[in-house]
1. Where the second residue is in a helix (DSSP H, G or I) and basic (Lys, Arg) and the first is at the interface with chain B (Cβ under 7 Å from one of its Cβ atoms) and lies in the stretch A:339-363, which pairs have Cβ atoms under 8 Å and are six or more apart or on separate chains?
2. Inside the stretch B:203-255, counting only helices (runs of 4 or more DSSP H) that do not spill past its ends, which hold 3 or more residues that are in contact (Cβ under 8 Å) with a residue 24 or more places away in the chain and aliphatic (A, V, I, L, M)?
3. If the Cβ limit is 8 Å and pairs must be 6+ apart or interchain, which residue in the stretch B:33-61 that is more than 13 Å from chain A (Cβ to nearest Cβ) and assigned to a loop (DSSP other than H, G, I, E, B) pairs with which residue that is more than 12 Å from ligand 1 (Cβ to nearest atom) and of a type in the set (Asp, Glu)?
4. Can you tell me how many residues in the stretch B:171-195 are surrounded by 16 or more Cβ atoms within 10 Å (Cβ to Cβ), of a type in the set (A, V, I, L, M, F, W, C) and away from ligand 1 (no atom under 16 Å from the Cβ)?
5. Starting from the stretch B:162-189, take each residue that is within 14 Å of chain A (Cβ to nearest Cβ) and list its partners that are surrounded by fewer than 23 Cβ atoms within 10 Å (Cβ to Cβ) and hydroxyl-bearing (Ser, Thr, Tyr), counting only C-beta distances under 6 angstrom and pairs at least six apart or across chains.
6. Please list, ordered by first then second residue, the pairs with beta carbon atoms under 7 Å, 6 or more apart or interchain, first in the stretch A:187-201 and on the phi > 0 side of the Ramachandran plot, second at pLDDT 95 or above and part of a loop (DSSP other than H, G, I, E, B).
7. Filter the stretch B:196-209 down to the residues that are buried (at least 22 other Cβ atoms within 10 Å of the Cβ) and either within 16 Å of ligand 2 (Cβ to nearest atom) or within 14 Å of chain A (Cβ to nearest Cβ) (or both), then identify the one that is modelled with the lowest pLDDT.
Amino acid sequence: MSAGPVLKLTEAETTLVAQLGARGAAAEAERLLGAGLPTRRVEAYHYTDLRQLLRSVPVLAEAGPATQGPLSIPGAVALSITNARVGPIPTLAQGLHGQKGQGGVLAQRDDVLVRLNSALAGEHLALEVKGAVTVPVVIDRRIEGAASHAAGAVKLFVADHASLTLIEVFSGSDAAHVGNHATAITLGKGANLTHITLNVMGPTATHFATNEYHLGAAAHLRTLVVQAGGALSRTQLFPTYEGEGATAAITGLNLVGDGQHVDLTMDALHAVPHTASKPLFKTIARGRSRAVVQGRLVVARNAQKTDAKLMAQGLMLSDEAEILTKPELEIYADDVVCGHGSTCGRLDEDHLFYLMSRGISKSVAETMLVRGFLAELIDPITDETVAALLHTLIDSWLER
Amino acid sequence: MTTTPMLEIRNLHARIEDREILKGVNLIVPKGEVHAIMGRNGSGKSTLSYVLAGREDYEVTEGEVLLDGVNILEMEPAERAVAGLFLAFQYPIEIPGVATMTFLKAALNAQRKGRGEAEISTPDFMRAVKTAGEKLNVDSDMLKRALNVGFSGGEKKRAEILQMALLAPKMCVLDETDSGLDIDALKVVSEGVNALRGPDRAMLVITHYQRLLDHIVPDVVHVFSDGRVVESGPKELALELEAKGYAGFDGEKAA
Ligand SMILES: Nc1ncnc2c1ncn2[C@@H]1O[C@H](COP(=O)(O)OP(=O)(O)O)[C@@H](O)[C@H]1O
Ligand SMILES: [Mg+2]
C-alpha cells in the first residue's frame, strides 16, 4: 500500500461513499474513497469536472407511486420507472415482453457513472422485442418527491430482424435530484431500433445517463439524445459495432440555457469489419451556459472498411455561451474512411435578412433558422406523433 | 392632376463602414411605370437595392425614401415588405433546413397578418403556388427542396419571381435578374415579370446589360454612376448607352 496523501472527500463524495456502503458495495466505496470523483485531470471528464460540479448528493430515493411523465404520445405503450423502481407492467403489444430484473445492466467499464449505477441500481426493467412492433414504447423515468438520488436501469433486447421505437423521458418533481440512469441495448442480426431519450429534468436537477449499445450483424440503430433540462447533465453513449454490416446514426441535441452545464459524450468501438456510423451532435446555447460535446471513435485492428464520420455543430445565441468540442479518432485498422468535423457560429445575418426582406419578423425568422439547423436531426424521425412531440419540445424551449 | 409616386428617393447617401457608396441618389418611379437602372459594375446599384430593403450593414447618412408617400427608412426590413416593397436579389440566399414551401407560406402569412388580413387557407395557398409556378416553370420538385439550396442560377432567379408573384408587392426592385440566365430562361423570367406589370404597381429593374430591356421594356432608363443617377431618359437611352459605353456618360474610363 502506498502512503500517498489522503484525499479529502467533498460533501458529494462522502455521501456517495456512505450510500455505496449502505448498499453493500464495499469495494466501490473503497475505490471512491481512494480516487474521489473524476476531475479535469481525467481525460473523459476534462470539461466536466465532477468533483467541482457535483456539490452534493441527496439521499437514495425511496419507493414512490408510479406517476405520469410530462410528455404523452398517443397510442404508445407506456411503461415507467419511478425513483429507480420499475412500475407496473401492463399487457404489452404483440412481440413485446417486459419484466422486472434484479441489479444493474451495464457492462463493466472504468467510468464512475457506470460503476455507481451498477452498484446502486437495485432492479431494472427488462424488455424484449420479437418481430416488428409498430407502436412506440415510452418509458417514463421519473424522480418524485423531495430531492433524492436515483439509479434506475433498463435492459432492451431487440431480437434478430425485429424493430422498435423506444422513447425514454427523464423528468421529475422540481427538486435538486441526482439521477444516474443506465440503459443497455442489444440489437440482434438485422434488428432495427430508433432510440430517443429526452432529458426534461427541472432546473436544479443533475442528470446522468449512460446508454450502452451492442449492434449485431446488419443491425441498424438511430439514436436521438435530447438534453434540455437539469443544471448539470451528462449523457454517455457507448456503442459497440459487433457484427459486420452494422450501421448507426448516433445523433444528439443539446438545448442549453442560462446556468446549465450540459455534456454529451460518445465513445464508440468499431470492433469488426464493414460497419458504418455517422454521429451528428448539435448544440444550441444561450445565456451564460456551457456545453461539452465529446466524441471518440475507436477502430479495432481488424475492423477494415469502417466508415465513420463524426460531426459536431454548435449554434450560439449569446456571447456568454460556451461550446466545447473534443473529437478523437483512434484507428488501428489501415483500410478505413474515418473523419471528424465541427462548426460553431451564430445565426447567419444574410439568412436573417433574406427572410425578413419577405416580411417575416426577426423573431419568427430566427425561429425558422433554428428549426432549419435542427431539421437534419428531426426529419429522419418517421413516426409522426414522435416527430410532433419533438417539435413541441423544441419550440417550447425556444419560447422559454 | 398629380399622384403620389410609388417610389421617391431624395438625395440618398449611404455608407458601409467608412466608405460612402451612395452619394446623393434622386429618383422618382410613378405608379404603373417600369424604370431601369443601368450602370457599370461597382457603381452602387446593389447597394441601392439593399438600402431600399433595409439591410443593416449600411448606414444612411442623408436623404429620404418614400414608398407610396411613406418614409420607409426607419422601418425594419419586414415592415418594408409588409408596406409593399419587394427585392429580387442579385444573389438569392441558400438556406439549408428551411423548406421552400414552409418559407413561402410563412412569408405570405406574415405579410397578410401585417396588413390585418386573415391567414391564407392551405388549399388556397397550394393553388396560388401551383398557378405561379406553372408560369415560371418552377416544378413541385424544386419547391420540395430547402430554400434555394442546390438550385441552379436560373432556378434561383425563377424562384425569386415566383415569390414576387405570390406576394404581389406594390414596388418591385429587381437586381440583375438577368445575370446567369440563358436566353430561354430570360424569356420565361421576363414574361413572368411582364405579367405583373399593372397600374397599381411599379418596378425598378437594375441591370448592366441592355439585353434584359429588350424583354422587359422600361418606360424610363436611368444611368447610374459612382453612387448617383447621372442621366435619365426614354428607353432609347439604353441603346445609346450600349453604343457609347458608360464612359460617354460619366466621363470615367471603362472599368
Ligand atoms: N460589404 C461591403 N463592404 C465594403 N464595400 C462594399 C460592400 N459591398 C459593396 N461594397 C462596395 O461598394 C461598391 C458598390 O457595390 P455594389 O453596390 O455591389 O455595385 P453594383 O451592384 O453596381 O455592381 C463596390 O465598390 C463594392 O466593392
Ligand atoms: Mg450588383
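1. Taking only residues 6 or more apart or on different chains, the pairs are A:Met356/A:Lys362; A:Ser357/B:Arg80.
2. On the way: elements: B:212-215, B:236-244, B:247-250.
Hits in the stretch B:203-255: B:236-244.
3. B:Glu33/B:Asp219
4. Total meeting the criteria: 8.
5. B:Val173/B:Ser49; B:Asp175/B:Ser46; B:Asp175/B:Ser49
6. A:Gly190/A:Asp160; A:Gly190/A:His161; A:Gly190/A:Ala218; A:Gly190/A:Ala219
7. First pass over the stretch B:196-209, keeping only residues buried (at least 22 other Cβ atoms within 10 Å of the Cβ): B:202-207.
Checking which are either within 16 Å of ligand 2 (Cβ to nearest atom) or within 14 Å of chain A (Cβ to nearest Cβ) (or both) leaves us with B:204-207.
On the way: B:Leu204: 98, B:Val205: 97, B:Ile206: 97, B:Thr207: 93.
Per the stated criteria, the residue is B:Thr207.
Table: residues versus (1) more than 13 Å from chain A (Cβ to nearest Cβ); (2) hydrophobic (A, V, I, L, M, F, W, C); (3) over 18 Å from A:Glu366 (Cβ atoms).
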{"site": "B:Ile95", "(1), (2), (3)": "no, yes, no"}
{"site": "B:Val98", "(1), (2), (3)": "no, yes, no"}
{"site": "B:Lys113", "(1), (2), (3)": "no, no, no"}
{"site": "B:Glu117", "(1), (2), (3)": "no, no, yes"}
{"site": "B:Phe125", "(1), (2), (3)": "yes, yes, yes"}
{"site": "B:Val129", "(1), (2), (3)": "yes, yes, yes"}
{"site": "B:Glu134", "(1), (2), (3)": "yes, no, yes"}
{"site": "B:Leu143", "(1), (2), (3)": "yes, yes, yes"}
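The values are calculated or read from the model by the stated rules, or taken from the named source; none is laboratory data. In this text, all values refer to a predicted model and were calculated from it rather than measured experimentally. Cβ coordinates were reconstructed from backbone atoms using ideal geometry, including for glycine residues, and neighbour counts include every protein chain displayed.
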